[in-house]
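**Student:** Below is one structure. I have some questions about it.
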Amino acid sequence: MSRQSLEAGALRGRCVGALLCLWLAASAAIPSWAQGESGPGSVREQLERARTISYTDHWQKAQAILDELAPRLDEFDLRDFASFHLQEARHLVLDDRSPEALERLRMLLDKPLEDDQRLRALQLAAHAGVVLRDYETAFDKLMAALEIEPRVDDPVAGISTFNMATHLFGRVGQHERAIDYGKEAVSRALRAADTSQECTARQRIASVYAWAEQPEESEAQYRLGIDACRSAGNELFVGALQAGLADLVRSQGRLAEAKTLAESAIATMEEAAYPLGVYEARLVLAATVHDLGLIDPEARAGFEEIADYFRTNGLWDQVARIELLQARVAEEHGESDSAAEHYRHHIEARDQFIDRDRAMRLAYLELEFDTRFKERQIDLLEENARLAQVEATTANEQRRLRTIILLLSIFVAVLLAFLLFNAFRGRRHFRHLSRHDALSGLANQGWFLERAGSMLVEAEREGASPYLVMADIDHFKKINDAFGHLYGDQVLGLVARRLRDAFGTGALIGRVGGEEFAILIVAHRLDPVIEGIKAFQEAPAESVRDGDPSVTLSFGIGRYRAGESLETLRKRTDAALYQAKREGRDRYVVSPEARDDADDSSALQPT
């Protein structure tokens, strides 16, 4: 098995997509600055040995060497100190501890590093930012790396930076810019006759050409990349490129070729022990088999396994795709209920993906705004300097120039203040829009799930067991049919306000579906949860218009068990909600595990 396969095995299940997982594995080409002479002293020699083992064998063996060196850190010079922490930061990312890695890299970047080590630190920080979905950090560190790259003597050292730029700018729709970076990465790899780097670079640019709807260029890069990866002995990347090419030719109607490529990709990545790539290739194969009209019960049996894998790893674009495929297959077989359920899951996954995609695009727009704003500041400062020089060389006009400079300075100060105010206000507005539902004002599904996950982790650390309440408006479809969707939107706003009044500011409340709401409450007993529901039910009758019937909700209550996922808790709570609806609506049902510690058994009965 190749060293890239070993690295990818360490990352499986923890990355946000195949391209990002493979980025860290692909960076396992020892940088040129790591291949120089070891220099005097056993510390330098041990650091070089640890670095070589990390890139050619397994990072945990290298970490053991670093652990032995750690007590002697105070003796290191700055370059050895930086080398030590760069290796540890990379290991932290591989060990799914990206927040710690990012803090370590920020500490390093505050020091006067040499340009080659600063470039490496920025590359790792940008990658950690993407893994953490901290796109502001990712773009910020990427732009800093692009700025410093020309000062590094080794041209190969910048290829990883250009590959990251190709991917990130491609993801936010800046295709021309991404392609330019991709071409530069390929060109440097060819000049260095480095087939391993060429393999990685062609994979990045092939994907961007596909996103930019340039299929001929994309196919050419995929095929050249496959040849380069085979030449480099990198079977893992061969499989990834075959999967991408299969999806491309499938979209062009070349189904037999797509099927052959997808099957080859699956076999290759199974051999390389890279499950994420295997599942993405299986998805391509499933779509191809459907297009060929070869769907059978055996093929359908694997669909849910594929969906569960992507859902577990948070790959919502892939979840949306497999759910849509299942919905269409169910329709073709006359299974209308199953088709409707899969369409619902497709929409939920698509919304999750859109939320994350929007966050990345907003981070890029904020960076572009900040960059242009700084350029404007520089232009204004340069103009001030020019005016000051004119004042010094034209003594006869000093008084008039002083007046001009004063007025210009006031104008600049007012302009800068105005631009800063709008920048801060715009940033807050964008962040609010990305986290809140427009109709209800509550947390949207993406933000609710993110905050709920953090709250569950914190609660488990403190020994608490939070309660999850799922609520659904009774007969909401009838309300829409009878009064129209505009009235239905007003009902959603009314319900949201009533829920906030009933549960107070201590609860996390979100709209997680069309007429479905979720409330997460950190409490040690069930009583406060029941009191919140009763407060909602017993509030004075309130409707959008006088004379309209009051709106009721059905509730399901579940309690978090230590170590379980939010998805598991939600499924159990949904079951209680559906029971409440079956028993007549306008009531609550408590799931069995939530009754265990309740002191007041009467509070557990539905209303």
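**Student:** Which entries in the list Lys477/Lys581; Lys478/Lys581; Lys61/Lys141; Lys477/Lys571; Lys534/Lys581 go over 26 Å, if you measure between the two C-alpha atoms of each?
**Tutor:** Those over the limit are Lys61/Lys141.
**Student:** How far apart, in nanometres, would the label points at Glu176 and Arg151 be if each is projected 7 angstrom from Cα along the Cα-to-Cβ direction?
**Tutor:** Roughly 3.0 nm, to one decimal.
**Student:** Next up: Do any GluC sites (Glu not before Pro) in region 135-207 lie in a DSSP loop with no more than 11 other beta carbon atoms within 10 Å, and if so, which?
**Tutor:** none
**Student:** A follow-up question, please. Kirkwood-based Rg over Rh for region 71-196 (C-alpha set), two decimals?
**Tutor:** For region 71-196, the value is 0.99.
**Student:** Subtracting the Cα-Cα distance from 0.36 nm times the residue separation, let me have the gained length for Glu298 to Val457 in nm, one decimal.
**Tutor:** On the way: separation 159, 0.36 × 159 = 57.24 nm, distance 3.86 nm.
Contour length minus Cα-Cα distance gives 53.4 nm.
**Student:** Using a basic spin-label model with each label point 7 Å from the Cα along Cα→Cβ, how many nm lie between Asp308 and Glu450?
**Tutor:** Placing both labels 7 Å along Cα→Cβ, they lie 2.8 nm apart.
**Student:** Subtract the Cα-Cα distance of Asp337 and Leu73 from 0.36 nm times their separation in residues, and report this length gain in nm to one decimal.
**Tutor:** Extra length available between Asp337 and Leu73 comes to 88.7 nm.
**Student:** A further question on this structure: Would you grab the residues whose amide H sits under 5 Å from the one on His436? Only those 5+ places off in sequence or on another chain, please, with H modelled 1.01 Å from N.
**Tutor:** Asn444
**Student:** Output ³J(HN,Hα) for region 550-566: one whole-Hz value per residue in order, computed from phi by the Karplus curve 6.51 cos²θ - 1.76 cosθ + 1.60 with θ = phi - 60°, and x for Gly and Pro.
**Tutor:** Result, rounded to whole Hz: 6, 9, 10, 10, 9, 10, x, 10, x, 10, 5, 9, 4, x, 7, 7, 5.
**Student:** What ranking of Thr568, Thr137 emerges when the number of other C-beta atoms within 10 Å of each C-beta is taken as an exposure proxy, fewest first?
**Tutor:** If I rank by nearby Cβ atoms, fewest first, I get Thr568, Thr137.
**Student:** Pop the C-beta distance of Lys478 and Lys183 into the FRET formula with R0 = 51 Å and round what comes out to the nearest 0.05. Numbers along the way, then the final one.
**Tutor:** Working: r = 58 Å, r/R0 = 1.14.
So, using R0 = 51 Å, E works out to roughly 0.30.
**Student:** So, by mean Cβ neighbours within 10 angstrom, what's the order for 483-493, 556-566 with the highest one leading?
**Tutor:** 556-566, 483-493
**Student:** Continuing with the same structure: If each residue of separation counts as 0.36 nm, what is the full-extension length gain between Asp548 and Ala413 once their alpha-carbon separation is subtracted?
**Tutor:** Going from the current span to full extension adds 43.0 nm.
Values quoted throughout were computed directly from the atomic coordinates according to the rules given, and no laboratory measurement underlies them. Note that the structure is a prediction, hence the values are computed from the model and not measured. Ideal geometry is used to build each Cβ from the backbone, glycine not excepted, and the neighbour counts take in all protein chains shown.
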